[in-house]
Each structure stands twice: as C-alpha cells, then as structure tokens.
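The values are calculated or read from the model by the stated rules, or taken from the named source; none is laboratory data. This is a predicted model, so every value here is computed, not measured. FYI the Cβ positions are ideal-geometry reconstructions off the backbone, even for glycines, and counts take in every protein chain you see. Just the protein is used for accessible areas: all its heavy atoms, side chains included, with ligands, DNA and RNA removed. Shrake-Rupley method; radii C 1.70, N 1.55, O 1.52, S 1.80 Å.
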Amino acid sequence: MKGPEFFIVGAPKCGTTAMQEYLRQHPDIFMPDMKEIHHFADDLLKHDDPFLNRDRYLSLFAGAHEHQLIGEASVYHLFSQNAARNINSFCPNAKIIIMLRNPVDMLYSRHAQLVYNGAEDILDFEASLAAEEKRRNGELIPKNIRIEKKLLHREVVKFTEQVTRYFDIFGRDHVHVIIYDDLRKDTAKVYRETLRFLDVDVSFQPDFKVINPNKRVRTRTLQHVLKTPPSLVHTIGKLLIPQSCRNLLLNGLKKLNTQYVPRQPMSPDLRRRLQEEFTPEIKNLSELMGRDLTHWCTD
C-alpha cells in the first residue's frame, strides 16, 4: 500500500490547515481528510495511540490514485525529537514542508485553539505559560489530551533546533520553509512555490478561502460532553446509532457550539516580555534561514 511522499510537519497555527486544504484541491495531489495523525511522533504519543499502527496509518491513503503525489499534515512532527528520523526511515526521499510564524503570535493563537479543542483547561494565556514547569512534572494535565508535551509552550517554539534537525536529516533541497507572513501577503505566490517544490503542475489555481479562523465554544459543558461522553451514553450510542450517523451528529453539535469571533489582543506588557524572551531564538533562526526575521521582536 502506498504511503505519503511529502509531509507538512508544522508548526501549529502557521497556516498548515490552509495549505493542506489548498493542496488537497490539486488533481495531482492526494491528502486524507484527517489531519494531525502524528504517526511518526512516537516520542509524543501514548503507547496505545491507535495511529501508531502502521497498517491503520497507511489505510488513510488507500483512496489515492496511481498518478497522485501523496502527502499528509501533522503539525507536531516538527516538535517531535523522533519524527524526522522516523519519516526518513519510512521514505528517505520525502519532501518536507515547514511553516513558521512569529512565536509570540503563534503561541497566543495556539492557546485559543487548544482551549477550543478541549486540550487546555487554563483559559488565561499568561496563566497557561506560568503552568509550564508544573506540567513538565506531570501536574495540571487536562484529561484525555492526546499529546501532553504540546502544553510546554516555550519548547514548541524552539524553531531553530527543530528546523536544523530536518535540514540535517533530509538536506535543505528536500525541505521547503514557508513564513506565515509571506502566506498572508501573497497566498497565490507561496502556493505556486510550494507546487514547484513538490514538482506538480504550478498552473492549478485553488479556492483560496479563509481556513481555520479564530473560534471559541459557546458552552464548555457541551464541549466536555462531546469530547468525553458519559460511558453509558457512549455505549448506547454505539449500539443504536451507526458510525456515520454518530459522526454527522457530533459534527453538527460541534458546529452549533462554535462561535467565530476575533481574538482579543494580548496585553502589551506580556507581549513585550515574550518578544524579549524570544529574541535570541529569532536571531538564531534568522541566521539559519539566511533571512532577517528580527521584526518579530518588535511591534
């Protein structure tokens, strides 16, 4: 069974969902509906995670046609210590797409997404940052979170170390880095450059609709029930309602419980402190990329 030949490995909240959607529209590309599979991040997933199973993972790509280039997107493959090496063992000639963003903006946006997903129960961003040390020691971990280490915010944005790992394992020619600012400024140009990197027809024009805008849940109680239904409800549902109908019902309830609203600005004081904290990292990343990104350090 064929598997993926290119990987969007992250980082989160850097346009990866949009890029996946735009690439999926291309007739010469196949990407599964599912995102965030993280099959190769065996250092982040729990040992019983179902998508560590290779056959189940490969089954996601069974719908690809013979002529199509196969890819997938899992945003914590960049953060994972093992994923780059594991991907290389699986597909030595794989093409890697990395997407990066100002770490301050990325973390703030990601926190809102984690709260929406039910993977973060500390609703205040600054308080969530302050909880990192306790979480590193296994405290204050939300129930049923799939990847616990993604709550270590400052570790997630060590981009220089992460990008270097992929450069070293795959070589720079096989790694395409996209800066989120460029994607927002000229989406069509960045998309064409990505198609050229993947060696598929660059003339194809997708629908560049807005993907994955900021959102929040209307009621956290319903969110909790949908994410972790009572065991009796779960059992009865499995017995009486077909899987396809359950999925439709759950997706409908999630939509009803979702509000699309602008995110409130971060406090200026916290923003300045984080910019100062991340300045050395951004300077190192600028040197690695051969591109000045130090404007991320100032407003």
As straight-line cross-link partners of Lys283, the qualifying aspartates and glutamates (C-alpha separation under 18 Å, not fewer than 8 residues apart within one chain) are Asp105, Glu155, Glu161, Asp181, Asp292, Asp299
Per the 1/(1 + (r/R0)^6) rule, R0 = 22 Å and r from the Cβ atoms of Asn284 and Arg136, FRET efficiency to 0.05 is 0.45
Per DSSP, the loop-located GluC sites (Glu not before Pro) within region 130-169 having at most 16 other beta carbons within 10 Å are Glu139
Place a point 7 Å from the Cα of Glu155 in the direction of its beta carbon; the residues of region 122-142 whose amide N falls under 12 Å from it are 132-139
With region 1-109 reduced to its Cα atoms and the Debye formula applied, log10 I(q)/I(0) at q = 0.15, 0.23 1/Å amounts to -0.62, -1.37
Counting only protein heavy atoms and leaving out ligands, DNA and RNA, the solvent-accessible surface of Cys245 at a 1.4 Å probe, in Å² to the nearest 10, equals 60
Per the rule of 0.36 nm per residue minus the C-alpha distance, extending Ala62 to His47 adds in nm 2.9 nm
Rounded to 0.05, the calculated FRET efficiency for the beta carbons of Ala188 and Asp28 at R₀ = 25 Å is 0.90
